[in-house]
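Following: one structure in structure tokens, then a few remarks.
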Amino acid sequence: MIRPTARNITEDEYFFGHKACAGCGGSLAVRIALKVLGERAVAVLPAGCMSAVGFNFPQLCFANNAMISTFAGTASMMTGVEAGLRARGERDYQIVGFAGDGGTADIGIQALSGAIDRNDDMIYICYDNEAYMNTGTQKSSLTPFGASTTTTPVGGKIRGNVSGKKNMFEIVAAHGIPYAATANVGYIEDYMMKVRKASEIRGMKYIHVLAPCPTGWGIRPEEMIEYARMATDCGLWPLAEYDGGEFRLSRGMGDPSILRNYIKGQKRFRHLSDQDIGHIESMRDARWEKIGGSWKVPGRDRP
Amino acid sequence: MSALRPCLRSTVPEWKNGEFPDSTAYEAGYLVHRNSGWRNRRPVIEPELCTGCLQCYLYCPDGTILKKDGKVSVDYDFCKGCGICAGICVHGAIRMEAERQ
Ligand SMILES: Cc1ncc(C[n+]2csc(CCOP(=O)(O)OP(=O)(O)O)c2C)c(N)n1
Ligand code: SF4
Ligand code: SF4
Ligand code: SF4
Ligand SMILES: [Mg+2]
């Protein structure tokens, strides 16, 4: 595999002129993946921010072939597109899906699970902004603990979301998928490498990329990358790959103590007490204990 | 050679009542308006400080940093002024200026 870099990926832009909010992480995830995959990528996007900001007829912001699917049907439409191109004798195409966290972990999980089971040759990318952003920030099963959304508001008794993030990466891996990875728009070269790697593996691939939403998270647009990086550095969003039946961490935890800054800097978490933050820290520590015990860790031969 | 990208068209498709296209498919990359009006600040590149590392190019969510003679420039028609490029540049080669108008 040739590692994709700013110099060797195409100068072409395939997602351009879109109407995403300034500083939108999801739009960066779509733009960069298409620059790695190139012109022969056929994109499928369900209802969600990326289709809403990309297809405002007559402002059509994809330069490659791209289409909107039903909210639940990203993976099944991808299967149909792939079968159709194959039947027409086309070659060298890449079917790629870009679905949000709601479109993936809630309403689209059945179609995704079916596609993994059939092992269709395509790449499913979940851009995770941790809520239903296009409809004004409702909780999804990938919304983190404590986050205030319109359906998990902060009041006298409830202080934001009471459940934690569904572990989509390991749910997908448990299917025995050929390749799955977590990524982060704040570590863009790592994400590019994972997209390239996925494009060179046959069968079903899944990439789950954290993509902060300044509007829904309550951060300034220019802070988007900083917060994306903090999420991984503080240990809340570990970067890893599942490949050949094995989990491998892409990088270690940076600085566990910055979790507080990560939480305190975002409007959606501002109401959390020290005790709530302590709870988030202990959930993170439990997760890392499991990771340390069973995943390959860089610089260490055995778990 | 200019890169392939959705580009601004001189004609905006128009249909009278009942004359919409017979399918919902249309030409890819068809732009009819700029995004420059969203901006209240603009990134300004200081070419003497720019090393051409292309980090701003990679991280711009809108793809509006252009490679130019080993350095970079900004497509002000579509830049939204988010300021991500200025934060990414460790060489201090991008500053945000208030949009005058
Ligand atoms: C079957 C169905 N239910 C509800 C909707 C309304 N809807 C459109 S986009 C959206 C939110 C999508 O959230 P997510 O998948 O996380 O993507 P995001 O908007 O955050 O990018 C909803 C609920 C719909 N289009 N179709
Ligand atoms: S609401 Fe959030 S995810 Fe949607 S376009 Fe705006 S920044 Fe992007
Ligand atoms: S990040 Fe700074 S130094 Fe690097 S290319 Fe951009 S402007 Fe130049
Ligand atoms: S301000 Fe934002 S949109 Fe404009 S060039 Fe910089 S990163 Fe891109
Ligand atoms: Mg979402």
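Just so you know, all these numbers are worked out from the coordinates, no wet-lab data involved. Note that the coordinates shown come from a computational prediction; the quantities given were computed from them, not determined experimentally. Cβ: placed from backbone, ideal geometry, glycine included. Neighbour counts: every protein chain shown.
GNM remark for chain A: springs join alpha carbons under 10 Å apart, and the peak mean-square fluctuation among A:Gly252, A:Gly278, A:Gly203 falls on A:Gly278.
Taking Cα centre as origin and charging only the Cβ of basic (Lys, Arg, +1) and acidic (Asp, Glu, -1) residues, the dipole magnitude of the protein assembly as shown rounds to 520 debye. The H on the amide N of A:Asn184, modeled in the peptide plane, is under 5 Å from the matching H of A:Tyr191, A:Leu210, each at least 5 residues off or on a different chain. Here's the picture: charge each Lys and Arg Cβ at +1 and each Asp and Glu Cβ at -1 in chain B, and of B:Gly29, B:Ile45, B:Leu8 the one pushed furthest to the positive end of that dipole is B:Ile45.
Counting Cβ atoms of other protein chains within 10 Å of each Cβ in A:48-59 and taking the mean gives 3. Relative to the longest principal axis of the Cα atoms of chain A, the long axis of helix A:274-294 makes an angle of roughly 50 degrees. Counting Cβ atoms of other protein chains within 10 Å of each residue's Cβ and taking the mean over peptide B:82-92 gives 4. For the range B:37-54 and the range A:207-254, what is the separation of their C-alpha centers, rounded to whole Å? If you average the Cα positions of each part, the centres end up 26 Å apart. Annotation: lysines with alpha-carbon distance below 25 angstrom to A:Lys157 (same-chain offsets under eight excluded): A:Lys139, A:Lys165, A:Lys166, A:Lys264, A:Lys267. Centre-to-centre separation between the Cα atoms of the range B:60-101 and those of the range A:54-75: 27 Å.
Within the same chain, lysines fewer than 8 places from B:Lys68 are excluded, and of the rest, those with a Cα less than 23 Å from its Cα are A:Lys35, B:Lys80.
Rounded to the nearest whole Hz, the Karplus-based 3J(HN,Hα) values (6.51 cos²θ - 1.76 cosθ + 1.60, θ = phi - 60°) of the range B:36-50 follow the sequence 4, x, 7, 8, 10, 9, 10, x, 10, 8, 9, x, 5, 8, 6, with x at glycine and proline. Between the amide H of A:Tyr124 and those of A:Gly97, A:Lys205, A:Tyr206, A:Ile207, distances stay under 5 Å, these residues lying 5 or more places away or on another chain, with hydrogens modeled in the peptide plane. Taking θ as phi - 60° and the Karplus parameters 6.51, -1.76 and 1.60, the scalar couplings of the range A:208-224 work out to 10, 10, 6, 9, x, 10, x, 5, x, 8, x, 10, 7, x, 6, 8, 4 Hz in sequence order, x denoting glycine and proline. Partners of B:Lys16 within straight-line reach, counting lysines whose Cα lies under 29 Å from its Cα and excluding those fewer than 8 residues away in the same chain: A:Lys19. Gain on full extension, evaluated as 0.36 nm per residue between A:Asn56 and A:Ile171 minus their Cα-Cα distance, stands at 38.0 nm. The mean number of partner chain beta-carbon atoms within 10 angstrom of a residue's beta-carbon across peptide B:25-31 is 6. Left without a cysteine partner by the 4.7 Å Cβ rule in chain B: B:Cys7, B:Cys50, B:Cys53, B:Cys60, B:Cys79, B:Cys82, B:Cys89. Modelled spin labels at A:Asn119 and A:Thr151, positioned 7 Å past Cα toward Cβ, are 3.5 nm from each other. In the elastic network of chain A, a GNM with C-alpha springs shorter than 10 Å, the most mobile of A:Ala75, A:Ala83, A:Ala20 is A:Ala83.
Charge tally around A:Ala20: other residues with Cβ under 13 Å, Lys/Arg +1 each, Asp/Glu -1 each, net +2. The H on the amide N of B:Val74, modeled in the peptide plane, is under 5 Å from the matching H of B:Leu66, each at least 5 residues off or on a different chain. Rounded, prolate or oblate: which one fits the range A:111-171, using the alpha carbon gyration tensor with axes a ≥ b ≥ c (rounded when a/c is under 1.5, else prolate when a/b beats b/c, else oblate)? Since a/c reaches 1.5 and a/b is larger than b/c, the shape of the range A:111-171 is classed as prolate. In order along the range A:147-155, phi translates into HN-Hα couplings of 5, 7, 9, 5, 9, 10, x, 9, x Hz, rounded to whole numbers, per the Karplus curve 6.51 cos²θ - 1.76 cosθ + 1.60 with θ = phi - 60° and x for Gly and Pro. Please label the shape of the range A:132-232 as rounded, prolate or oblate, based on the square roots a ≥ b ≥ c of the eigenvalues of the alpha-carbon gyration tensor (a/c under 1.5 means rounded; beyond that, a/b larger than b/c means prolate, else oblate). Taking the square roots of the gyration eigenvalues as a ≥ b ≥ c, the range A:132-232 is oblate.
For the protein assembly as shown, the square roots a ≥ b ≥ c of the C-alpha gyration tensor eigenvalues yield an a/c under 1.5, which makes the shape rounded.
Note on chain A: with a GNM built from Cα contacts shorter than 10 Å, the maximum mean-square fluctuation among A:Arg268, A:Arg229, A:Arg91 falls on A:Arg91.
Normalised by the number of residues in the range A:25-294, the mean separation of alpha-carbon contacts (under 8 Å, six or more apart) gives a relative contact order of 16 percent. Once the Cβ-Cβ distance between A:Arg202 and A:Ser257 is put in as r, and R0 is 35 Å, what FRET efficiency do you end up with, to the nearest 0.05? My answer for the efficiency is 0.25.
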